Every structure is written in C-alpha cells, then in structure tokens.
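Asks: Quick one: this structure, given as structure tokens, is what I'll be asking you about.
The values are calculated or read from the model by the stated rules, or taken from the named source; none is laboratory data. Just so you know, these numbers come straight off a predicted model, no measurement behind them. Virtual Cβ from ideal backbone geometry, glycine too; neighbours counted across all protein chains shown.
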C-alpha cells in the first residue's frame, strides 16, 4: 500500500534535517575541505615529479595549463556571479579560487542555504557550474594526461 505524497514529505523532512544538522554540515564541509586540499597538493606533487624527469616536462606543462585554465575560468565566473558586489568581495572570491577552496566554500554556502539576491545565479547553480568548470578544464584533462604517462 502506497500513501500519496509520503515520498515528497520524507524528502522535505530529510532535506530539513540535512540543512539544520550543524554537525553534519561541519562534517560535509570538513571532508570537502580535506579532499579539496589533498587534490591540490597531489596535483602540485605530480607536476613537480614530472618536472624532475626530462621526458615528462611537456606533460607537466600540460597539467599546469589545465590548472591555470580552470583558475582563469572560475575567476571569470566568480567576477560575473558577484558583478553587483564591491571590489573587495570580488577579490575575496578570486582568492578562494586561487587557494583551491572553491569546492569547500560552495558546499558550505549550499549546505547553510545561504541566500543573496544580488547574485547572478543561485548558490546551487554556482556550485554546479564551478564543479562543471573544474571537471571540464582540470579533472578530466588531467586524468587523461596522467593515464597517458
């Protein structure tokens, strides 16, 4: 026997619990921060190890290009997203990108249901766009380069 609307009700309850549970939010954002930092560190380690080998210098350069492309597009997106904000806010958002903290900050903002009416797109759309940018410009090309090596 199936009760009409029960599934929708449970989804609302689950989403409310996830949003309001501070420990769960801290855990999600904390795990995201650790994984993001580890990803950046491993990227730099791989690049430095490629530069130590003469035959892998071009692959190291390619990985640097993927990271630089990712940063450039994410900073451009952040500038467009925060176009109505002050220069200091735009600078802060650019620094978040440069220090590879974008996944953590986006996850925190979505998990706390942060609202800002001056943004070009919603926080969730921002998170999805940034993950798409990272996948298309850094993760997938970097994976292909490392598989090739």
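Asks: Can you give me the number of residues within the range 17-43 that are at pLDDT 80 or above, surrounded by fewer than 16 Cβ atoms within 10 Å (Cβ to Cβ) and in contact with a helix residue (DSSP H, G or I) (Cβ under 8 Å, 6 or more places away or on another chain)?
Replies: 1
Asks: In the range 86-103, which residues are farther than 23 Å from residue 34 by Cα and in a loop (DSSP other than H, G, I, E, B)?
Replies: The answer is 86, and nothing else.
Asks: Conditions: (1) modelled with pLDDT of 95 or more; (2) in contact with a helix residue (DSSP H, G or I) (Cβ under 8 Å, 6 or more places away or on another chain); (3) within 19 Å of residue 129 (Cβ to Cβ). Residue 51 meets all but one. Number of the miss?
Replies: Among (1) modelled with pLDDT of 95 or more; (2) in contact with a helix residue (DSSP H, G or I) (Cβ under 8 Å, 6 or more places away or on another chain); (3) within 19 Å of residue 129 (Cβ to Cβ), residue 51 violates only (3).
Asks: Let me ask something else. Of 46, 57, 11, 89, which residue is within 27 Å of residue 144 (Cα to Cα), surrounded by fewer than 17 Cβ atoms within 10 Å (Cβ to Cβ) and at pLDDT 80 or above?
Replies: 57
Asks: Let me ask another. Check 83, 59 and return the single one that is in a helix (DSSP H, G or I), more than 20 Å from residue 104 (Cβ to Cβ) and over 15 Å from the mean Cα position of the chain (by Cα).
Replies: Only one candidate passes the filter, namely 59.
Asks: Oh, and also: Of all residues in the range 79-95, which are free of Cβ contacts under 8 Å to residues at least 24 places away in the same chain and touching a helix residue (DSSP H, G or I) at 6+ places or on another chain (Cβ under 9 Å)?
Replies: 79, 90, 93, 94
Asks: Does any residue of the range 44-62 turn out to be within 30 Å of residue 23 (Cα to Cα) and free of Cβ contacts under 8 Å to residues at least 60 places away in the same chain?
Replies: No - not one qualifying residue is present in the range 44-62.
Asks: I would also like to ask the following. Let me spell it out: the conditions are (1) at pLDDT 90 or above; (2) surrounded by 19 or more Cβ atoms within 10 Å (Cβ to Cβ), and residue 119 meets all of them except one. Which number is the exception?
Replies: So residue 119 meets the others, but not (2).
Asks: Since residue 77 meets every condition but one in (1) in a helix (DSSP H, G or I); (2) over 15 Å from the mean Cα position of the chain (by Cα); (3) surrounded by 14 or more Cβ atoms within 10 Å (Cβ to Cβ), which condition does it not meet?
Replies: (2)
Asks: Follow-up question, since we're still on this one. For the range 22-43, give me each residue that is free of Cβ contacts under 8 Å to residues at least 24 places away in the same chain, farther than 30 Å from residue 147 by Cβ and under 17 Å from the mean Cα position of the chain (by Cα).
Replies: 26, 27, 30
Asks: Also: Output the qualifying pairs, or none if there are none: Cβ atoms under 8 angstrom, residues six or more apart or on different chains, first residue in the range 133-149 and without any contact (Cβ under 8 Å) to a residue 60 or more places away in the chain, second residue part of a helix (DSSP H, G or I) and surrounded by 13 or more Cβ atoms within 10 Å (Cβ to Cβ).
Replies: No pair meets every condition.
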